[in-house]
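Q: Mind having a look at this structure? Questions to follow.
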Amino acid sequence: MRAHAVFIGLKHGLKAFLDSPSKGKGCSVIIISSVAGLQGVPLISPYTASKFAVRGLAAIASQEYGKFGIRVNAICPGFIETPFSMQHPELLDAMKEKASLQRLGSPKHIANAALFLASDAGDFCTGTTLKVDGGISNWY
């Protein structure tokens, strides 16, 4: 379901870009995946598979729509401090210990990564998967 929802959003978003006055030139799509989509994570195989699929969608869309000047990239967040994640403090403490930076990320970290990818500074990035994970994926 997760990957299907991303596919539908991507399909309609790309069509809207192509139908715009710019015909897509200079447009940027950023898809949120997860560090679980970088390598297998035990006990959450459906989630992990969906996040691998999301990265695949970004890679394929970057190839198919690059000729129109549309860039498509994915961000793979690690453990981020959100109201949802804070419901499991014992898990978050364990993840902090495993992360190279020994702390959780904030939504601002993900926003800054998205701003980079969408900006002129990231205008040569397409089909890229950007890890924003404090080093947690180095542990897997």
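What follows draws every value from the coordinates through simple rules; no lab data is involved. Source: prediction; values computed, not measured. In this analysis, Cβ positions are derived from the backbone assuming ideal geometry, glycine residues included, and neighbour counts consider all displayed protein chains.
Q: Please verify whether residue 100 is surrounded by fewer than 17 Cβ atoms within 10 Å (Cβ to Cβ) and in contact with an Asp or Glu (Cβ under 6 Å, 6 or more places away or on another chain), treating the condition exactly as stated.
A: Details: surrounded by fewer than 17 Cβ atoms within 10 Å (Cβ to Cβ): yes; in contact with an Asp or Glu (Cβ under 6 Å, 6 or more places away or on another chain): no.
No.
Q: Does the stretch 51-71 contain any residue that is of a type in the set (A, V, I, L, M, F, W, C) and in contact with an Asp or Glu (Cβ under 6 Å, 6 or more places away or on another chain)?
A: No - not one qualifying residue is present in the stretch 51-71.
Q: Moving on to the next point. Of all residues in the stretch 26-68, which are acidic (Asp, Glu) and in a strand (DSSP E or B)? Before you say what the answer is, go through the steps one by one.
A: Filtering the stretch 26-68 down to residues acidic (Asp, Glu) leaves 64.
Correct list: empty.
Q: May I pose another question? For the subset of the stretch 75-92 comprising residues that are in a loop (DSSP other than H, G, I, E, B) and touching a residue at least 40 places away in the same chain (Cβ under 8 Å), which member is surrounded by the most Cβ atoms within 10 Å (Cβ to Cβ)?
A: If we filter the stretch 75-92 for residues that are in a loop (DSSP other than H, G, I, E, B), which is where we start, we get 78-79, 81-84, 88.
Now restrict to residues that are touching a residue at least 40 places away in the same chain (Cβ under 8 Å): 78-79.
On the way: 78: 25, 79: 22.
By that ranking, first place goes to 78.
Q: Examine the stretch 123-132 for a residue that is touching a Cys at 6+ places or on another chain (Cβ under 8 Å) and polar (S, T, N, Q), and state whether such a residue exists. Working first, answer last.
A: Here is the first cut: in the stretch 123-132, the residues touching a Cys at 6+ places or on another chain (Cβ under 8 Å) are 129-132.
If we keep only those that are polar (S, T, N, Q) as well, we get 129.
Yes: the stretch 123-132 contains one or more residues that are touching a Cys at 6+ places or on another chain (Cβ under 8 Å) and polar (S, T, N, Q).
Q: For the stretch 104-114, does any single residue satisfy the condition of being in a loop (DSSP other than H, G, I, E, B) and surrounded by 17 or more Cβ atoms within 10 Å (Cβ to Cβ)? Walk me through it before giving the result.
A: At the first step, the residues of the stretch 104-114 found to be in a loop (DSSP other than H, G, I, E, B) are 104, 106.
Those still in the list that are surrounded by 17 or more Cβ atoms within 10 Å (Cβ to Cβ) too: 104.
Looking for residues that are in a loop (DSSP other than H, G, I, E, B) and surrounded by 17 or more Cβ atoms within 10 Å (Cβ to Cβ), one finds at least one in the stretch 104-114, hence yes.
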